[in-house]
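Heads up, the thing below is written out as structure tokens.
The values are calculated or read from the model by the stated rules, or taken from the named source; none is laboratory data. A quick note: this is a predicted structure, and the numbers were derived from the prediction, not measured. Positions of Cβ are backbone-derived with ideal geometry, glycine not excepted, and every protein chain shown enters the neighbour counts.
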Amino acid sequence: MTQTIQPPQPKILILATLAGGYAGADSTGQSHADYPANTYILPVMCPVMFPPEFFIRAFEHGIDGIILMYSGTDSPYKVEADGTAKLIQRAYGLMKARGIDIRRFRLAAICTICVKPFLKEVNQMNDLLKGIGFVKHEFATHAALAQGAQA
């Protein structure tokens, strides 16, 4: 019996709000639609609960792409839309300072029955990550450039 060794795949973390993104992910699963197996879905109440440093630590621990999926302006939590936009901007600043491509972190409005948009977001992130590679390579490049600047 011949075994084929699969090359490592980039890891995608989805933080999906219960009011929107997670319900959309659940609808996708119930429809038996396929999406990349390298996707990890974490249900959350509201994305603004996470400090920007959380996302940097996720990248440092091997997550290659993150999608925040929430219900957008339809969210029952009033601080979510504005707070999430501010969170994303602060996280982008931290990412740039560490040499992390900001395309690795995306916000998507996903409703409770959004199967096609859910699949589109996951597949787009997967394709992007296959093109730009693993985040660990960006960390290594950034560290090498910092070493060269000190010399």
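Worth pointing out:
- Condition met for Q89 (within 15 Å of V135 (Cα to Cα) and within 15 Å of the chain's Cα centre (by Cα)): no
- Test: residue in region 73-90 that is surrounded by 13 or more Cβ atoms within 10 Å (Cβ to Cβ), touching a strand residue (DSSP E or B) at 6+ places or on another chain (Cβ under 8 Å), among the hydroxyl-bearing types (S, T, Y) and free of Cβ contacts under 8 Å to residues at least 40 places away in the same chain: yes
- Any chance A140 is surrounded by 19 or more Cβ atoms within 10 Å (Cβ to Cβ), among the small types (G, A, S) and either part of a helix (DSSP H, G or I) or out of contact with any Cys (no Cβ under 7 Å at 6 or more places or on another chain) (or both): no
- Matching residues in region 61-80 - criterion: being in contact with an Asp or Glu (Cβ under 9 Å, 6 or more places away or on another chain) and at pLDDT 65 or above: I67, M69, Y70, S71, G72
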